[in-house]
1. Suppose every K and R has +1 on its Cβ and every D and E has -1 on its Cβ; what is the size of the dipole of the chain about the Cα centre, in Debye to the nearest 20?
2. Given the convex hull over the Cα atoms of region 4-51, what projected area results after averaging over all orientations, in nm²?
3. From the helices alone, meaning DSSP H stretches of at least four residues, give me the mean residue ellipticity at 222 nm for the chain, per-run term -39500 (n - 2.57), in deg cm²/dmol to the nearest 500.
4. I need the P(r) histogram for the chain: all alpha carbon pairs, bin width 5 Å from 0 out to the longest distance, whole percents.
Amino acid sequence: MAALAKALSEPLRVNILDVLRRHGEPLCQCELRPLFGIAQPLLSHHINKLVDAGLVEVERRHRWAYYSVRPDALKELTTWLS
């Protein structure tokens, strides 16, 4: 739980997770970057923290990375917050 809490301690990461959760389908990093107005390396840094915490999964398609929320991650987070 500490890893989850640490990953979500940054407001931008909470926003990224929320966008991914709402979208439902995997989103390309090229679609995420303009939503937040940040450089690609900074987006990658924050997404990697979410991936490391087990909240987000990544799927590589050629040159691009597509991100989605791990289905079981939200269940674990919801249980913890309840």
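1. Result for the chain is approximately 140 debye, rounded to the nearest 20.
2. 3.1
3. -18500 deg cm²/dmol
4. Taking every Cα pair in the chain, the percentages come to 3, 15, 29, 28, 15, 7, 2, 0.
Bear in mind these aren't lab numbers, they're just calculated from the coordinates by the rules spelled out. Please read these numbers as outputs of a predicted model, since none were measured by experiment. Positions of Cβ are generated from backbone atoms using ideal geometry, with glycine treated the same way; all protein chains shown enter the neighbour counts.
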